[in-house]
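For reference, the structure discussed in these notes is given below.
Every read-out reported here was derived from the displayed coordinates using simple, explicitly stated rules and does not represent laboratory data. The shown structure was predicted, so the numbers you read here are calculated from the model rather than taken from an experiment. Cβ atoms come from the backbone with ideal geometry, glycine included; neighbour counts cover every protein chain shown.
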Amino acid sequence: MSLTVLMNAGPWLSVPPPGYGGIENVVATLVPELRRLGVRIVLASVETSTLPVDEKISVFPDGQFHALQRPYNQVCGVAQAHLSGVVRALHTRDDIDLVHDHVEAVGLATMAAMGPDAPPALHTLHWDLAKHPELYGNLDGGDRVRVNGVSASQLARAPQALRDHSVGHVYLSTPLAVDADRRPQADKGDYLIILGRINPGKGQDLGARLAQQVGFPLVLAGPVGPYHRPEDLAAAGDEARQNPDVRFFYDHVAPHVDGDLVRWVGTVAGQERDDLLAGARASLFPLRWEEPGGTAVVESLALGTPVVSTARGCLPELIEHGRTGLLTTDEEELGELVLAAGLLDPDECRREAVARFTPAVMAQRYVELYERVRQLAARP
Ligand code: UDP
């Protein structure tokens with residue numbers, strides 16, 4: 001296929017990311033598969049990105065993640081400086097067939113403002129946007145600019161302007177799903193795990209109370225605000241409490257963390273993360289927000305760990321109740337579901353991941369959307 005895509009990963013982290021990094025992980029997973037399908041990739045990112053691509057463009061020497069702690073207008077300033085590099089490239093060359101943009105709100109607005117001669121653009125929505133319609137108020141790229149979601153429920157909740165420009169959704173995927181059915185089976189422990197940022201929406205406080213109720217050990221893995229290790233958070237002292245996720249942790253989660261039944265292990269990565277997930281009886285998602293994409297959900301399935309969750313956001317799309325996990329609309333029922341999760345078959349979870357959540361499945365779907373976006377842009 002002769003198609004050149006400018007993949008705009010943004011200026012926040014290098015690709016692949018050094019640790020936590022949602023968008024950058026998606027790009028790092030998608031790009032090798034697209035290139036295998038013959039797509040040429042021009043990556044717009046930061047200079048420290050090491051992902052093999054056909055060409056790189058960047059404005060910043062390294063990731064500007066630290067800038068995300070600043071006021072919103074300054075965050076936009078960093079995004080805009082990066083985007084000016086993308087716009088310059090699009091103005092000065094004619095080999096780009098399509099822009100695949102991942103820069104929240106500002107990227108889409110920039111693409112929309114570029115005028116009819118710019119290449120068509122597909123903007124992937126990564127967050128739950130229902131609470132932020134103002135970010136996407138006046139979207140008008142005509143037929144040239146389109147969006148996709150990472151689940152149907154995310155799109156259904158998105159502001160009307162986005163839904164009007166949508167070409168559908170593409171589920172997140174994980175390299176762990178490749179050959180998941182041939183992976184040696186991990187011995188299942190009797191513990192539960194919540195893998196993800198410590199945040200009220202992810203519901204670790206609810207999970208901790210649940211663990212105490214049912215008597216299963218619970219491992220909480222993930223950063224608290226910018227702190228990846230318990231010792232870093234302890235060393236940061238009272239100033240750390242300015243971060244809302246730190247306050248949530250201290251006020252609602254830490255009182256249950258006894259180091260025995262409920263443990264916070266900080267951010268885990270690589271083999272340690274995979275082993276922890278694979279060995280868990282169930283992966284818990286006691287969500288209070290509408291999870292838009294749920295990478296940790298598909299990672300759990302790929303590693304043969306059933307999911308127990310509140311039926312929010314994309315969870316009912318990713319999990320088949322009774323086969324790959326157990327869902328409920330009633331928080332009070334989660335305890336019973338945790339007890340029943342031991343009856344679910346890890347092989348069914350792996351099979352589901354192999355069928356639906358491999359990088360190849362995601363890339364194939366994006367190639368279809370690229371075609372659709374180009375057709376719509378070419379419409380007289
Ligand atoms: N993650 C990780 N280590 C941790 C916690 C999370 O590697 O200690 C990864 C997790 O495996 C997943 C990503 O961070 O790939 C979280 O993505 P998800 O879509 O589940 O959540 P969000 O983007 O909302 O944080």
Quiz item: Rounded to the nearest 500 deg cm²/dmol, what is the calculated helix-only ellipticity per residue at 222 nm for the chain, with -39500 (n - 2.57) per DSSP H run of length n ≥ 4?
Solution: -10500 deg cm²/dmol
Quiz prompt | Cα radius of gyration and Dmax for the range 30-165 (Å) | solution = 15.1, 41
Quiz item: Where does the range 226-318 land on Rg/Rh, using Cα atoms and the Kirkwood Rh?
Solution: 0.99
Quiz item: Near the amide H of Met7, under 5 Å away, which other amide H atoms are found, from residues 5 or more places off or on another chain, if H is placed in the peptide plane?
Solution: Val42, Leu43, Ala44, His100
Practice problem: Relative to the compact-globule scaling 2.2 N^0.38 Å, provide the ratio for the alpha-carbon radius of gyration of the range 232-380. | Solution: 1.29
Quiz item: Quick one: Cα centre-to-centre distance for the range 185-227 and the range 25-79, in angstrom?
Solution: 31 Å
Quiz item: Using modelled amide H (1.01 Å from N, peptide plane; none on Pro or chain starts), what sits under 5 Å from the amide H of Leu51, excluding residues fewer than 5 places away?
Solution: Val15
Quiz item: Can you give the relative contact order of the chain as a percent, counting alpha carbon pairs under 8 Å and 6+ residues apart?
Solution: 16 percent
Quiz prompt | Relative counts (whole %) of C-alpha pair distances in the range 7-104, using bins that are 10 Å wide | solution = 16, 51, 28, 5, 0
Quiz item: In sequence order, what are the phi-derived ³J(HN,Hα) couplings for the range 304-318 according to the Karplus relation 6.51 cos²θ - 1.76 cosθ + 1.60 with θ = phi - 60°, rounded to whole Hz, with x for glycine and proline?
Solution: x, 10, x, 10, 10, 8, 6, 7, 10, x, 7, 4, x, 7, 8
Quiz item: Where nothing but the Cβ of Lys and Arg (+1) and of Asp and Glu (-1) is charged, how large is the charge dipole of the range 221-358 around its Cα centre, in debye to the nearest 20?
Solution: 260 debye
Self-check item: Rg to Rh quotient for the chain, alpha carbon positions, Kirkwood Rh
Solution: 0.97
Self-check item: Contour minus Cα-Cα distance for His66 and Ser84 (0.36 nm per residue)
Solution: 4.5 nm
